[in-house]
Structure formats: C-alpha cells, structure tokens
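Undergrad: Below: one structure in structure tokens.
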Amino acid sequence: MLKHLTAAALLLLFISCNQPEQKSRMPKQYTIQQLYNNLSVGAAGFNSDESKVLINNNSTGIYNIYELNIADTAVKPLTTSAKESFFAIDYLPGTEKFIYSADQGGNENSHLYLKSKTDTGATDITPWAGSANNFYGWSDDKTALYITSNQRNPQVFDLWKIDTATWKASLLYENDSAYDIAGISKSEKYIGLNKSITTDKNELYLYDRDTKTSKRLSNGHEANWGLQAMEKNDSILYYTTNDGNEFSYLVKYNINSGKADKIYEDKWDVAGMSLSDHEKYHTIFINDDGKNKVLLFDHASGKEISFPEIKDGDVQGIIISPSEKNLLLSVGSSTSPGNLYAYNIQGKKLKQLTSTLNKEIDENDLVKAEVVRFKSFDGKEIPAIYYKPLQASAGNKVGALVWVHGGPGGQSRIGFSNAIQYLVNHGYAVLAVNNRGSSGYGKTFYKMDNKDHGNADLKDCVWGKKWLAEQDYIDSNAIGIYGGSYGGCMVLNAICSYPDEFKVGVDLFGVANWLRTLRSIPPYWESFRKALYEEMGDPNTSDSIHLKEASPLYNYQKITKPLIVFQGLNDVRVLPVESDEIVEGVKKNGVPVEYVTYPDEGHGFVKKENQITTSEKTLAFLDKYLKPPTTAK
C-alpha cells in the first residue's frame, strides 16, 4: 500500500484507444481450475557452469524451489514445502547449495535459508526471532553475502555481512537514523543511504565507512533520487532522479570530483539501471507508458547491444550470468504468464525455457490488454488498462468492473493476471484505472492526490465508470468496482460516497479506518513513516479530521449495495480488524455482504488454493448481483 514499494518496477504498454472495432465472438470459457493451472515462475540465477538456473514456481499450489536444466529444460524439485511459500535467492557461489527466502503465513518476517540438493532440512542463516531479513547481494570475492535486517532494532534495517565459511554475521552499518540502505560498493568503502522526506522527495547520501562521514548527493529540491550502481573503482556511481524534470533520468556521478552528468533520459521514467559482475554490460529499464523498454549496453563504450524481440513479449527482468556470456530473461504478456528465456550474447541464440500457460487454454480465447485514456471530472486525462470481453457486442451487453490498484501511488500495468482473465473470459469488462496519484506519469500527476485521498482520485474512478457506461456493448446498470489494499479503501469509499454509480463492491483487504492504520504502521516502516504522514496526513494532528472523513468505517451507514470482502488474518499492513468492522457495519444496514478470511495469508494471497477461492467466490458474487440479463440471440 505504499508508493515506494511499487514505483521502481512498474510497467505499462501504450496502445492508442482508437483501435479498429474487433468483431465479437464467443470464446471458449475456462474453469477457474484451468486458469490457475497456469504456472507462475521466477528466476534467481545461474549455477557455476551456467548450465542450470535456480527458479521458483507454484506448480504444487505454493512456491517451491526448482533447478531448471537449460539443455533440455527439465525441471528438478529442490524443496517440497506444503505450507509456506519458498522463494529462490541464488546458488551459493562455487557450490550446488542454494539460498531461499520464506516467512510464516504471510507475516513478512522473512528469513534466509541455506539448503543442499540432497539434505531434507535447511539451515536458517538469519536465526533471529521476530526479525525481517532481506538478501542484498554478494561480496566482490563471493565469500560473503550482504543482508538487511531489523534483528537489532525492529524499527530499522541495518546492513550486515555474513561470511559463508563460518556463517557468522558482522554489522557493516548501524542504521540508527532510519535510512533506507540504497547500495554498497564492491570495496565496502561506500554505502548509499536514502532518507524519505515525503513521497515526492527524498535525500540521497553516500556514507564513507573509512572516515565515518556522509556526503549528500541530492540537493534538497522536491525530487526523488535513487542509487542504481557503483563501479569497482570507487570513483563512479549512477543514480536516477527527476530533479528539475517530470520524469526520472540517469546520472553518472564522479565521487572524487563531485561532477554529475546526465547520461540517459527518455520521455518516460528511467526506472532502473544495473551493472554486470565484471562491468562488461549495463542495462537500463524504462517505464515506457505501457511496455517495459529494456536496453543492453556495452558499458565501456556505451554502445547499445541488441537482443531479440520476443513477439508480444514484455521483458520484465534480466539476469546477466557471472561469465557475462549469457542472459536469463523473464518475459510476460497480458495473455500469458511470464516465461523464462536463455540468450547467449555472442552466439545470439535464444531459447525458451518454460511454458507457463496451461495447455488446455487457447491463448486466442484470452484478451489482450490495451491502454485507453478518458477525461475525468475536471478535464484531466486519465490512463487506464482495458480488457474487453471477446463476446461483448451491442447485441450482447456485458457487465464491467472498475479495477483500482494499491498504493497510494501504485500503477496498473499490462501483464498477465489469472484473476482478470477469468472475469473477462466469463463476460466482465475490466478497466484498471491509473487515477491521479499513480506513478509512471510524471511528477505532477504523481503528487496530485497528496492529502486529498478519497476525493479527486476517487472521482477519477467514477469517471472511469462513466467511460465504461458510454460503450455500447456494456450494460450501464451493471458496473461494479474492485480493488485491493488502498484500492480496497477506494472500493469502500466509492460505494459510500457514490452509491448510485456502482452496483457492487469487491474489497480485498482494504483500509477502513485510516486513523488506526496509520497509527499501527509496522515498526520496520519507520524510515518511511514520516513521508507517508506527509502524503496521507498525520493521524496525531488536525489531519485526523480529513483522515476520518476518508475512512469508510465512519460512513458505512451509506453503503446500500452488495459487498464482498477478502482478508488475510496475518496481514500486518491492513489489520484484519479493518475488514471485520466494515463487514459488521454493513450487515447492520441489511445489505448483502460476504466475508472470506484466510488464516494462512498476509497482505496479498500467495497460495494458489486461496487465489482460486477468491476468484471463484468473486465470480459467483458478480453473477448473483451484477450480471446483466442475457440479450444475445
């Protein structure tokens, strides 16, 4: 539910809304089990001889670790967890052992575990009760790993180094000032630090471990700054910033001279940059109003190196192998879950390693997302991702949902969603609105909702509903609203404030009481707490008046339309009491309300069984309360 958690990696594909009208046809309809038999796969890294890759997938219903053989694409299971999802981190360099991450029931207290292929057990290398721990990369000589951990103080993440010979942890940076760790140089001399001021402004510092002093690289302007990479020579680093600009660009900074040179910019945000192990290549990611644009460069010369374009594919991630000869690409689209590809740079050979779409599904029966734009209440143009059912026509009107992303400050993007494709396949149009305050559309657009949440940004969703109602193939009396986290709060506010606009609401772990939520921020969010208060409002000041007004719990009496609510009972971001109380309140209104809870989930549902239940119950709810009468001949 935070901007800074989503803004770095968000992708969006622009397709003009002036598309030729597609002829409607009835697609084959798929069961929820067929769609969720698609595979979700993530890549971690190459083994020593680069013949295999470490991955995780959810073929068993939750995520486990696997080893994929590049030669024949055979997949070998390395873990068999039946309760908690395991996420691959990397091979232990020079060995066949590997590291993975897992929490308990979605409580976000992730630990890192070391396991061999043959042993049944695993060793917790971060054995500190109640702590959250994150992998932060390998030392230059690959004999140690870095982690960030709040084991010393629950409110802050320190930077630690764990020696892989003894597995003893040593403290590299004690983070008593609640910074965000932004990077560490290969020599360990420099540590990058971010200090959040507001969600629109932060400061970037470079800490010298030898002199114990910090140098500010940012300039105090209202801008965001993000450290991207540091060269081994301890003299050059790279950061992105939107200082003096609507969109972020890439800067090369000389540590010794203090000289900063803009070296790459685009008409959209430069979302990230990374260096390969031996600095032969660097990559640049751009959030290009829709499709994620990924560029590969020879680092020394700055010359761009082409790699093959994959039809309808969106490159979502690149891992450059330690030898710098091979690439591991994660590629997705709106009609297929992401797949992995191996690419040999010198031989220019591309090989698909996975096939994640269930073979029972014809991809032609799924809907390609497109970007549309509509005018809001004040004439502001609002972008949205749109999925039109193939069976929709003027003679066969369909229902629709306004889909609201999390945040505040998230961004809906083109990418595969089992939940969306299931609803669209069964005859519901989905308009995923990127309301004002969403990231990816420039600094001005991003800050338009500050301390105005539940007002203009909510009106954008209402005007998205009006756009849907104007389409001749949509039943204007059969439009609902769907959202999770901050989007769930928007759902509740929508059916409170605009009861005549939306026929139903679907709320996934939505904030109901901002005063309580902002006062119960997890302790490890301390570095961002003040920035969030600057954007949302401080619940301990006069801002509490607006926050109460923006809290659906204080307006539940106005809810008159059917509602379904989903909640993970281990959620530490939106506490279960938020959903408990809104459901109890709506029941008092005599309004149909359904409530589904998961004792083994946190903020977001990871287990496939629970994802299936959520989609299945959502469709049944929509068919009961939203589905328009059939008019097809």
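The values are calculated or read from the model by the stated rules, or taken from the named source; none is laboratory data. These figures come from a predicted structure and were not determined experimentally. Don't worry about glycine lacking a Cβ; one is built from the backbone with ideal geometry, like all the others, and counts go over all protein chains shown. Just so you know, the surface numbers come from the protein's heavy atoms only, side chains and all, with ligands and any DNA or RNA stripped out. Shrake-Rupley method; radii C 1.70, N 1.55, O 1.52, S 1.80 Å.
Undergrad: By the gyration tensor of its Cα atoms, with a ≥ b ≥ c the square roots of the eigenvalues, what is the shape of the range 438-559: rounded for a/c under 1.5, prolate for a/b over b/c, or oblate?
TA: Because a/c hits 1.5 or more and a/b exceeds b/c, the range 438-559 counts as prolate.
Undergrad: If the limit is 22 Å between Cα atoms, which of 503/587; 388/503; 293/607; 375/443; 232/443 go over it?
TA: Check vs 22 Å cut-off fails for 293/607; 232/443.
Undergrad: Right, here's the next one. Under unit Cβ charges (Lys, Arg +1; Asp, Glu -1), what dipole magnitude, rounded to 20 debye, does the range 459-519 have relative to its Cα centre?
TA: 400
Undergrad: What does the highest-first list of 251-263, 213-225, 309-321 look like by mean Cβ count within 10 Å?
TA: The peptides rank, most packed first, as 309-321, 213-225, 251-263.
Undergrad: Toward the positive end of the charge dipole of the range 15-117, about the Cα centre and with charges on Cβ (Lys, Arg +1; Asp, Glu -1), which of 62, 105, 88 goes farthest?
TA: The listed residue farthest towards the positive side: 62.
Undergrad: Run the accessible area of the chain with a 1.4 Å probe and give the carbon-and-sulfur part as a rounded percent.
TA: Exposed carbon and sulfur together represent 48 percent of the surface.
Undergrad: Given 401, 419, 391, which one lies farthest toward the positive end of the charge dipole of the range 382-461, if we put +1 on the Cβ of every Lys and Arg and -1 on the Cβ of every Asp and Glu?
TA: Among 401, 419, 391, the one farthest towards the positive end of the dipole of the range 382-461 is 391.
Undergrad: Okay, next question. Please name which of 477, 345, 204 has its Cα lying farthest along the dipole of the chain towards the positive end, using unit charges on Cβ (Lys, Arg +1; Asp, Glu -1) and the Cα centre as origin.
TA: The one lying farthest along the dipole's positive direction is 477.
Undergrad: Distance from a point 7 Å along Cα→Cβ of residue 118 to each backbone N in the range 66-86: keep the residues under 11 Å and list them by number.
TA: none
Undergrad: Moving on to the next point. Considering only the chain, what is the antiparallel percent among its DSSP beta bridges, to the nearest 5?
TA: Around 80 percent antiparallel, to the nearest 5.
Undergrad: Taking the square root of 5 times each eigenvalue of the Cα gyration tensor, what semi-axes in Å does the equivalent ellipsoid of the range 190-339 have, largest first?
TA: Whole-Å semi-axes of the equivalent ellipsoid: 28, 20, 13.
Undergrad: I've got another one for you. Please report the net charge: other residues with Cβ closer than 14 Å to the Cβ of residue 268, K and R +1, D and E -1.
TA: Net local charge, residue 268 excluded: -1.
Undergrad: Sticking with this one: Holding the Cα-Cα limit at 21 Å, pick out from 397/624; 142/262; 558/617 the pairs that are longer than that.
TA: Distance filter (> 21 Å) returns 142/262; 558/617.
Undergrad: Next question, about the same structure. For semi-axes √(5λ) of the Cα gyration tensor in Å, one of (i) 59, 27, 22; (ii) 143, 24, 17; (iii) 39, 29, 25 was computed from the structure I shared and the rest are decoys. Which label?
TA: Structure-derived value, by its label: (iii).
Undergrad: Which angle between 0 and 90 degrees, to the nearest 10, do you get for helix 456-470 versus the longest principal axis of the chain when only C-alpha atoms count?
TA: The angle comes out at about 50 degrees.
Undergrad: Between residue 235 and residue 557, what's the calculated FRET efficiency when r is the beta-carbon distance and R0 is 51 Å? Round to 0.05.
TA: 0.20
Undergrad: Compute, for the chain, the length of the dipole vector about the Cα centre, with Cβ point charges of +1 (Lys, Arg) and -1 (Asp, Glu) only. Units Debye, rounded to 20.
TA: That gives a dipole near 820 debye.
Undergrad: Ordered by residue, what ³J(HN,Hα) values in Hz, to whole numbers, does the range 338-345 give under the Karplus form 6.51 cos²θ - 1.76 cosθ + 1.60, where θ = phi - 60° and Gly and Pro are x?
TA: x, 10, 9, 10, 9, 9, 8, 5
Undergrad: Oh, and also: Report the accessible area of residue 46, computed with a 1.4 Å probe over the heavy atoms of all protein chains in place, in Å² rounded to the nearest 10.
TA: 20
Undergrad: Still on this structure, please answer the following. Given a 1.4 Å probe, how much area per residue of the range 475-544 is accessible, in Å²?
TA: 28
Undergrad: Shifting gears a bit: Report, ordered by chain and residue number, the lysines lying within cross-link reach of residue 359, taken as a straight Cα distance under 20 Å and ignoring same-chain residues fewer than 8 apart.
TA: List returned: 28, 311, 351, 368, 608.
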